[in-house]
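Have a look at the structure below before the remarks.
The values are calculated or read from the model by the stated rules, or taken from the named source; none is laboratory data. Because the structure is predicted, anything quoted here is derived from the model rather than measured. Cβ: placed from backbone, ideal geometry, glycine included. Neighbour counts: every protein chain shown.
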Amino acid sequence: MMMRLFVNGLVMLGVMLSLPASAEVNDQKWQSMQRDFFPGKSLLQGDFIKIAAPRRAESGAQVPFSFVVDYPMTESQYVKAVTVIVDANPVPLAAVFHFNPHSGKAEIATRIRLETDSLVHVVAETSDGKLHVNAVPVRASGGCGGTVEGDEDEAKRNAGKMRLALDSEAGEGDVRNVKLQIKHPMFTGLQRDLVSQGFRPAFYISKIDVRYNGEPVLQADTYIGISEDPNIRFPFIAKQDGTLTVTIHDNEDNEFSQSLAVKL
């Protein structure tokens, strides 16, 4: 269902030109969006979903955004998935992050795109199948469209380069925090080439798979709502020395991988 909605969103490439430069931050879109993304499901207010984002962003193309779900992460009770939806974006689905007990905590810090003022909804699915939601308003503009400069072929050649580093901020117990930086233009398909004035085709990271000693700790389905050169901070459990491996795929079937040796 989510993928179908995403594809339908990409069909709207020309619609952006008719969108207003700004819009009121309200929940008028959310009611129908909730039915489309979570058909037949009831969403409970989840105040334990803590969201951090600027009330007014300096750039709609690079909006700092983070969430943490204050919920147990045990074998019997944990957060399965967190969906990030930017209501007013032409493609509202920004990302779906998949967690498990090895994640240690359902927490992500990254940067997202906003084309216009919007509510950003975060929906957490717990292991018992319940859905919980919280939201914040953010004022921003121009994050998905506009113009883009630089050589397109060169941007594609450099795509996929990664840096992995343990965060200096220690986690709790066996939980470690890691920073992942990925070189990728994340073209939205709605941006005009500054020289040719034609639309650059969508080119974005579609999947991220993170494993520690072969065990999955985080998977993500990502779309054009994630900013250029993604920067993602996330936790994982490290009870012993090992290797953290990140594999990413983009929508042109490219695969890239990077590993980090972890010494406790």
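Touching a His at 6+ places or on another chain (Cβ under 9 Å), closer than 17 Å to Val84 by Cα and buried (at least 23 other Cβ atoms within 10 Å of the Cβ) - does that describe any residue in segment 232-240? No, that holds for no residue.
Per-residue answers, yes or no, for (1) in contact with a strand residue (DSSP E or B) (Cβ under 8 Å, 6 or more places away or on another chain); (2) of a type in the set (Phe, Trp, Tyr); (3) within 17 Å of His98 (Cα to Cα); (4) in a loop (DSSP other than H, G, I, E, B):
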| site | (1), (2), (3), (4) |
| --- | --- |
| Lys156 | yes, no, no, no |
| Gly160 | yes, no, no, yes |
| Leu164 | yes, no, no, no |
| Asp209 | yes, no, yes, no |
| Arg233 | yes, no, yes, no |
| Phe236 | yes, yes, yes, no |
| Asp253 | no, no, no, yes |
| Phe256 | yes, yes, no, no |
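No other residue among Thr116, Thr126 is touching a His at 6+ places or on another chain (Cβ under 8 Å), over 20 Å from Asn251 (Cβ atoms) and at pLDDT 95 or above apart from Thr126.
Tell me which of these Lys50 doesn't satisfy, since it passes every other one: (1) touching a helix residue (DSSP H, G or I) at 6+ places or on another chain (Cβ under 8 Å); (2) under 17 Å from Ala109 (Cβ atoms); (3) among the charged types (D, E, K, R). The one condition Lys50 does not meet is (1).
Yes/no matrix, rows are residues, columns are (1) touching a strand residue (DSSP E or B) at 6+ places or on another chain (Cβ under 6 Å); (2) at pLDDT below 95:
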site: Ala23; (1), (2): no, yes
site: Leu44; (1), (2): yes, no
site: Val63; (1), (2): yes, no
site: Tyr71; (1), (2): yes, no
site: Tyr78; (1), (2): no, no
site: Val82; (1), (2): yes, no
site: Ala88; (1), (2): yes, no
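Selection within segment 30-64: residues that are under 15 Å from Val138 (Cβ atoms), among the hydrophobic types (A, V, I, L, M, F, W, C) and touching a Pro at 6+ places or on another chain (Cβ under 9 Å). The member of this set that is surrounded by the fewest Cβ atoms within 10 Å (Cβ to Cβ) is Ala52. The residue that is farthest from the chain's Cα centre (by Cα), among those in segment 103-115 that are within 23 Å of Gly173 (Cα to Cα) and crowded, with 20+ Cβ neighbours inside 10 Å, is Gly104.
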